[in-house]
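Participant: Please read through the structure below; I'll follow up with questions.
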């Protein structure tokens with residue numbers, strides 16, 4: 001009587017959670033509904049004198065796999081929008097063919113199944129217990145089905161790769177390309193830091209350039225909007241005007257000025273009649289005669 005009541009209660013909970021899993025618009029709710037289904041199955045295994053399956057269901061699926069799903073959903077984030085673009089050509093056709101073939105194979109297997117009288121869990125667990133009897137059946141009679149089931153993990157990994165695959169319209173940028181794009185932009189050097197004005201060291205205070213002008217690039221636009229809305233503007237008129245400009249239109253950027261390289265001075269040729277300072281004097285000069 002107790003098993004019957006437990007079955008009907010958990011059956012209703014499992015079916016309701018399964019419908020919630022399918023029809024939920026948010027992936028987090030679907031993952032939680034899947035956890036409810038797995039916990040219901042674990043309780044059913046325990047009621048049917050299968051403690052090993054119940055513990056494995058809780059530890060492996062509910063404890064490990066479900067927590068992995070939830071962490072991925074929280075860190076990466078998945079929206080409810082469906083992508084109608086095929087990332088791999090022909091995948092819909094081959095997916096339909098594979099699904100149809102699996103349905104035919106499943107129908108043939110169920111049609112040819114031979115169902116005999118149930119031996120009962122008490123007789124099945126008589127030889128060494130539930131764990132030993134289950135291991136004997138898995139690795140002797142159902143070894144092929146067990147290996148095919150393990151291949152589903154590879155299928156799930158391939159399905160995740162197909163869903164996450166994105167075709168690039170252009171080659172991936174290398175470190176050299178990123179450096180070149182940075183120096184071709186408006187600001188190849190780091191932006192000026194905020195708060196470098198007089199005694200102020202606040203992140204909403206614009207920085208001053210070496211020529212004394214205000215740098216609008218040193219203030220975040222969100223912070224500038226907050227200062228304008230709350231009226232927390234500096235007393236200096238130039239700084240207040242700069243913050244209002246950033247809050248309304250963003251920082252004004254200028255194209256970088258390319259400085260032309262200064263040409264090296266050309267060498268002046270020495271005239272033939274001018275003697276270089278290190279030239280030797282000819283013999284018989286008055287200076288040499290005086291020395292003698």
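Participant: Does residue 173 satisfy the condition of being in contact with a helix residue (DSSP H, G or I) (Cβ under 8 Å, 6 or more places away or on another chain) and farther than 28 Å from residue 95 by Cβ?
Facilitator: The answer is yes for residue 173.
Participant: Scan the range 81-94 residue by residue and report those that are under 30 Å from residue 26 (Cβ atoms) and modelled with pLDDT under 75.
Facilitator: Once the filter is applied, which keeps residues that are under 30 Å from residue 26 (Cβ atoms) and modelled with pLDDT under 75, the range 81-94 yields 81, 82, 83, 84, 85, 86, 87, 88.
Participant: Have a look at 145, 135, 107, 181 and point out the one that is over 29 Å from residue 52 (Cβ atoms), surrounded by 10 or more Cβ atoms within 10 Å (Cβ to Cβ) and at pLDDT 80 or above.
Facilitator: On the way: 145 fails: over 29 Å from residue 52 (Cβ atoms); 135 fails: over 29 Å from residue 52 (Cβ atoms); 181 fails: at pLDDT 80 or above.
The conditions single out 107.
Participant: Looking only at the range 1-31, count how many residues are touching a residue at least 24 places away in the same chain (Cβ under 8 Å) and closer than 22 Å to residue 73 by Cα.
Facilitator: Of the residues in the range 1-31, 5 are touching a residue at least 24 places away in the same chain (Cβ under 8 Å) and closer than 22 Å to residue 73 by Cα.
Participant: Among the listed residues 114, 97, which satisfies the condition of being modelled with pLDDT of 75 or more and out of contact with any strand residue (DSSP E or B) (no Cβ under 9 Å at 6 or more places or on another chain)? First the steps, then the outcome.
Facilitator: Working: 114 fails: modelled with pLDDT of 75 or more.
None of the other options fit; the residue is 97.
Participant: Could you tell me whether residue 235 is at pLDDT 75 or above and either exposed (fewer than 10 other Cβ atoms within 10 Å of the Cβ) or over 38 Å from the mean Cα position of the chain (by Cα) (or both)? Walk me through it before giving the result.
Facilitator: Numbers: at pLDDT 75 or above: no; either exposed (fewer than 10 other Cβ atoms within 10 Å of the Cβ) or over 38 Å from the mean Cα position of the chain (by Cα) (or both): yes.
No.
The values are calculated or read from the model by the stated rules, or taken from the named source; none is laboratory data. What you are looking at is a predicted structure, and each value in this text was computed from that prediction instead of being measured. All Cβ positions, even for glycine, are placed from backbone atoms using ideal geometry, and neighbour counts span all protein chains on display.
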